[in-house]
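For reference, the structure discussed in these notes is given below.
The values are calculated or read from the model by the stated rules, or taken from the named source; none is laboratory data. In this text, all values refer to a predicted model and were calculated from it rather than measured experimentally. Ideal geometry is used to build each Cβ from the backbone, glycine not excepted, and the neighbour counts take in all protein chains shown. In case anyone asks, the SASA skips ligands and DNA or RNA and just uses the protein heavy atoms, side chains included. Shrake-Rupley method; radii C 1.70, N 1.55, O 1.52, S 1.80 Å.
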Amino acid sequence: MTSPAPAPRRPKVATVTVGTNEARWLTACLSTLLASNTPDLDLTVWYVDNASTDGSTEMIRDTFPTVQIIQNDTNLGFARANNVGMRAALTAGADYVFLVNPDTRTPADLVHQLTAFMEQWPTYGICGPMQYVYTDADGSTVALDEHNDWSRLALKLGEADGFVGDRPNRPSPAGPEHGRAPATLEHAYVQGAALFVRAEVLRTLGLFDRVFHTYYEETDLCRRARWAGWRVALNLDLGIQHYGGGGTGASTYRRVQMRRNRYYFLLTDVTWTWPAILSLAGRWLRQDLAGRSVGGNTTVVRGWAETATAAWWLLRLTPTIARRRRAHHRLRTAGGAR
């Protein structure tokens, strides 16, 4: 007697959305995720609340009872809060995790298409859709009519190094042409607003580096994935609506976070020589003190004060930076053998 054929494998996909007082966005975000066309996979939608005071979690419980909610007692920042969600998804057996910002609207076929891409191309560890202008239009169709600012910049920079504006001759992080999937752009990173990652990558490399708190954490994860031997790419034929901005705006918080994290990112990048690191850091320092830096411009007085705050933070992180560099050296060495 012939035994029945085994049932086809159903990949498990978990979406993770982190919110802090994002009630205005969450209905559109979660409703489009839950409306995803996923007949051949198991989809779980997670929401991680970062100590909101606007009734976000209560609204979600009432409106979206199938959404899995995690409430943090304090605002953990983007990196740590996403780690909470990713850890829960991995514990539940997810094969893939899709990080999705609250200010997004997801086309019905996107989760299915991203999963199918990763299933077909096992050398890709992280991928993500192109981002389109967010519209408030009602209805079930999420229009993809016009790239947003981030996508336009990504297409302009192409596959250059992430610091191409400071070092135009740095080699591209993109992988070789051989073995590349069609309709992909191996940009320096996939933005955390819509990042689709293989669970194996997270189990092998760990989650976001919590030191970043907010900004550069996804860029760091993408570079670690590449060092470990996986490809990272944007899927040019897929898209999501993303309003952008993240709610932080041109603020002291944004300037200080982006400034300090940029130095931390550079100091923990083992592909740079120390003379090159010091040269670029010196250039940044002069800009920062003048109040003209990543994250927005400010006065000279504020530039000095904010730079001092970032410098003190980095100084206290010296042991951590040394540990990260050792770990990254090991990762690159092991990844070269993949």
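Here are the numbers:
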read-out: Search result, residues across the range 56-74 that are buried (at least 16 other Cβ atoms within 10 Å of the Cβ), part of a loop (DSSP other than H, G, I, E, B) and under 23 Å from the mean Cα position of the chain (by Cα); value: VAL67
read-out: Which listed residue, of THR115, THR38, THR44, THR123, is hydroxyl-bearing (Ser, Thr, Tyr), buried (at least 20 other Cβ atoms within 10 Å of the Cβ) and in contact (Cβ under 8 Å) with a residue 40 or more places away in the chain; value: THR115
read-out: Test: residue in the range 247-254 that is of a type in the set (Phe, Trp, Tyr), in a helix (DSSP H, G or I) and at pLDDT 95 or above; value: no
read-out: Flag if VAL133 is touching a Lys or Arg at 6+ places or on another chain (Cβ under 6 Å), under 28 Å from THR32 (Cβ atoms) and either in contact (Cβ under 8 Å) with a residue 12 or more places away in the chain or open to solvent by less than 50 Å² (accessible area, probe 1.4 Å) (or both); value: no
read-out: In the range 299-333, the residues that are farther than 23 Å from ARG210 by Cα and assigned to a helix (DSSP H, G or I); value: VAL300, VAL301, ARG302, GLY303, TRP304, ALA305, THR333
read-out: Pair list, Cβ < 7 Å and 6+ apart or interchain, from the range 85-106 residues that are more than 19 Å from THR38 (Cα to Cα) and touching a residue at least 40 places away in the same chain (Cβ under 8 Å) to residues that are in a helix (DSSP H, G or I) and not small (Gly, Ala, Ser); value: MET86/LEU202; LEU90/LEU202; LEU90/ARG203; PRO102/TRP25; PRO102/LEU26; PRO102/CYS29; ASP103/TRP25
read-out: Scan of the range 9-47 for residues that are of a type in the set (Gly, Ala, Ser), under 12 Å from THR106 (Cα atoms) and either within 19 Å of the chain's Cα centre (by Cα) or not in a loop (DSSP other than H, G, I, E, B) (or both), ordered by number; value: ALA28, SER31
